1. Listed residues Ser167, Ser161; which is modelled with pLDDT under 90 and over 25 Å from the mean Cα position of the chain (by Cα)?
2. Within segment 78-114, can you find the residues that are in a helix (DSSP H, G or I) and of a type in the set (S, T, N, Q)?
3. Give segment 124-142 a look and list any residue that's in contact with a strand residue (DSSP E or B) (Cβ under 6 Å, 6 or more places away or on another chain) and more than 19 Å from Ser170 (Cβ to Cβ), or say none.
4. Listed residues Ile142, Ile156, Ile111, Ile151; which is surrounded by 17 or more Cβ atoms within 10 Å (Cβ to Cβ) and either closer than 22 Å to Ala11 by Cβ or not hydrophobic (A, V, I, L, M, F, W, C) (or both)?
5. When only residues in segment 18-60 that are small (Gly, Ala, Ser) and within 15 Å of Pro75 (Cβ to Cβ) count, which is surrounded by the fewest Cβ atoms within 10 Å (Cβ to Cβ)?
Amino acid sequence: MTSGAAAGRYARAVFDVALKEGIDIEQAQGDLQQFVDLFAAHPVLANTLGNPAIPASKKKALVAALVTRAGKLTPVVSKTILLLADRDRLMLLPDILRIYRDRVMDHQKVIRGEVTTAVPIADEKIRALEQGLQKATGRTVILESKVDPSIIGGVITRLGSTVYDGSVTSQLQKMRQALIEAGQ
């Protein structure tokens, strides 16, 4: 099994158990984030826990101390982190968090996207675009704004795998293709 598939299975399990046991899914997400941040902030710790030469039992003892020291964690997250340490799979934690976060957003009917324009646009225009997309998709839409002068003008909006390309560059390419086809 690939690490991505394994991370997906762990993320689904944490999410499903949290829902089943009535645990706040956002709190569980925060607990996962706390450990990902801890490992990111302390590379020596991350390298130690990722080192295959160190026995899993020692890693589990270290992680158990970290879980205890972290204070009140959701039970499903603390058990999962200890299980990952026992199976020497702690390096999956960032992927587990990413996949878990996607499941939470899907559960809450939220979709993230990005809007790309040639020049910066006002926040109220982004909010209006979010509202229009929310009506079209039936989900809450959260857009991140990006600027790319190479699109010349217009807007490119990405929601998941769907791209709405209303850029001037795209329109020019379509006209060019139509002229080439008409000339043949």
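1. Answer to the check: Ser167.
2. Within segment 78-114, Ser78, Thr80 meet the criteria.
3. Matches in segment 124-142: Ile126, Glu130, Gln134, Arg139, Thr140, Val141, Ile142.
4. Checking each option against the conditions leaves just Ile111.
5. Ranking the qualifying residues of segment 18-60, first place goes to Gly22.
The values are calculated or read from the model by the stated rules, or taken from the named source; none is laboratory data. Keep in mind that what you see is a predicted model, and the values were worked out from it rather than measured. Don't worry about glycine lacking a Cβ; one is built from the backbone with ideal geometry, like all the others, and counts go over all protein chains shown.
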